[in-house]
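Trainee: Before I ask anything, here is the structure I am working with.
Readers should treat all values here as calculations from the given coordinates under stated rules, not as data from a laboratory. Keep in mind the model is a prediction, meaning the values are calculated, not measured. Please note: Cβ atoms are built from the backbone with ideal geometry, for glycine as well, and neighbour counts cover all protein chains shown.
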Amino acid sequence: MRKVSLVLCAALLFLGCGDDSEKNQDRANNVNNVNNVNNQNNVNNVNNVNNVNNTNNVNNTNNVNNVNNVNNLPDEVTYHNTVRAILESNCTSCHYTGGIGPFPLTTYEEASPLASLMSMVTQAGTMPPWPPQEDCGEFKDPRNLEPIEIMAIKEWADTGAPEGDPNDYVAPPDEQTTNLGAADYVIDIGTEYTPNPAQGRIDDYHCFAIDPGWSGADRFLKAYETHPGNISVVHHMLFWAVDKDEHAARIQQLENEDPSTPGWDCFGGNRVEDVQGLLGGWVPGTAAIEYGADQGFRLPSNSVFIVQLHYNTLNNENPDRTTVDLHFTDGEPATKLAMYPMPDTDLYVPAGADNATAGLSIPIPINIDVYGLFPHMHQLGKSIKVEASRGGTDTCMVNIPNWDFNWQGIYLYDEPMTVRSGSQLKLECVYDNTPGNQANGQQPRDVTWGEGTFDEMCLNYFIIEELPFDF
């Protein structure tokens, strides 16, 4: 039986492994008192702006004050001549009536009362949500603003958010859309699921198992497209393919936890096979994911799909039926991709520590091309970084200096990054286990690796070519 069940290090050097998690969250309610927003009509509780953590720490302003080409801005920055196009390119895919954003930004009347808030969060780098540091890795489809755009929003807010002349509006370039055609298989959660967060909370993490009933040869996933059934509540989606024979009993056990509702509660991971089998994910604003020419992820014929959906019910608790369109290669692709985990399962975060570190370093005995990464921690995480070190030189692969569990993602490189034989892959995680950084009013306690609600993880997945070993 083919089972890639060891960590990247065990896979490359007969390297080690780990797990994922299930943990509750509640910090969406602590979003730095966005009470300075004038005229909050139609703002649906801006105090819950999806974890705009520590927005007052505007030290991380992407050097907005050092923008030298301010002369590129109009003499007067208005909504129509500058700001409208910025919002349409970067914000309104989430912030529209009925969208996952807690308030719409599609008109001047909607945007202008929030000008000061937008200036604050864009300078802080918390919106648009793009966690990776800009000088580390060249990734596809980044959701970040140019310094001149941040400056434009600031000037607009500072001058009273003038509307300007609608005739000055210039539409942003159309995004390149990908038409994948008819799906080869559709993952369907199979029910109109109504999010049901715990009392006093707004987030529900729920998992569903979908058996495609396949037989015969393995398939290879070359592209996928996610279709949230209720975009106003679906915050993110992750999906895995796991071995049906090996995990049937565990899936049934989880389904039986609450027979009154389909699926089961899950946080962080899927509680079935949390580290192995991850295929992809979705967050608001994500378009179709298409891997390179003649590339694909193996889908064994005895697979069961596990879909994890994070529902944020700030806007409503209406039902959702999310689907994922899968597209397969014609036969076996030249490049067979897989996600290999690199975890520090020995992590230890003492109670009260504000900068506890975990991580590991492993040697790479062969050249590998890395197509993407997926870093992962839980809610005590402060930062996570992955580097490749060789000959005294460190190459940054991904760096998330302000970790936010609710905005994690899979990051694909524009072009594969080659890690040469003799390199060390290094993973570093930093945690804040002080009283002010606890979910649900818990008191700090010593924390180790685990799946539980108050456990932690230090983990990165590497998207590389399938390795020629069976485990």
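Trainee: Based on alpha-carbon centroids, what's the gap between the range 98-157 and the range 407-436 in Å, whole number please?
Mentor: 24
Trainee: In nm, give the distance between the simple-model label positions of Asn437 and Asn355, each being 7 Å from the Cα along the Cα-to-Cβ direction.
Mentor: 1.1
Trainee: Which of the three applies to the range 185-337, rounded, prolate or oblate, going by the alpha-carbon gyration tensor with a ≥ b ≥ c and a/c under 1.5 meaning rounded?
Mentor: Note, shape of the range 185-337 comes out oblate.
Trainee: Taking Cα pairs under 8 Å and at least six residues apart, what relative contact order does the range 354-420 come out at, in percent?
Mentor: Relative contact order here is 42 percent.
Trainee: Calculate the dipole size of the range 229-316 relative to its Cα centre from +1 charges on Lys and Arg beta carbons and -1 charges on Asp and Glu beta carbons; express the result in debye to the nearest 20.
Mentor: Dipole magnitude for the range 229-316 comes out near 160 debye.
Trainee: Now for a separate question. Testing the spin-label approximation: label points 7 Å from Cα along Cα→Cβ at Glu163 and Glu257. State their distance in nm.
Mentor: Each label point lies 7 Å from its Cα, and together they span 5.1 nm.
Trainee: Sort the following peptides by mean Cβ neighbour count (other Cβ atoms within 10 Å, averaged over residues), highest first: 143-150, 393-400, 234-241, 80-87.
Mentor: 234-241, 80-87, 143-150, 393-400
Trainee: Beta carbons within 10 angstrom, averaged per residue: use that to sort the peptides 439-447, 405-413, highest first.
Mentor: Per-residue Cβ counts within 10 Å, averaged per peptide and sorted highest first, yield 405-413, 439-447.
Trainee: Quick one: compute the contact order of the range 185-337, relative version, from alpha carbon pairs under 8 angstrom and 6+ residues apart, as a percent.
Mentor: 50
Trainee: Which links in Lys222/Lys382; Lys154/Lys426; Lys244/Lys382; Lys244/Lys385; Lys222/Lys385; Lys154/Lys385 stretch past 32 Å when you go from one Cα to the other?
Mentor: Result: Lys222/Lys382; Lys154/Lys426; Lys244/Lys382; Lys244/Lys385 exceed 32 Å.
Trainee: Specify whether the C-alpha gyration tensor of the range 369-461 places it in the rounded, prolate or oblate class, a ≥ b ≥ c being the square roots of the eigenvalues: rounded for a/c under 1.5, otherwise prolate if a/b is larger than b/c and oblate if not.
Mentor: Because a/c hits 1.5 or more and a/b exceeds b/c, the range 369-461 counts as prolate.
Trainee: Charges at C-beta only: +1 for Lys and Arg, -1 for Asp and Glu. How large is the resulting dipole of the range 319-466 about its Cα centre, in Debye rounded to 20?
Mentor: In debye, rounded to 20, the range 319-466 gives about 300.
Trainee: Related question: The range 206-278 to the range 345-404: how many Å between their Cα centroids?
Mentor: Each part's Cα centre sits 27 Å from the other's.
Trainee: Rounded to the nearest 0.05, what FRET efficiency is calculated for Arg250 and Arg420 with R0 set to 30 Å and r the Cβ-Cβ distance?
Mentor: Approximately 0.15, to the nearest 0.05.
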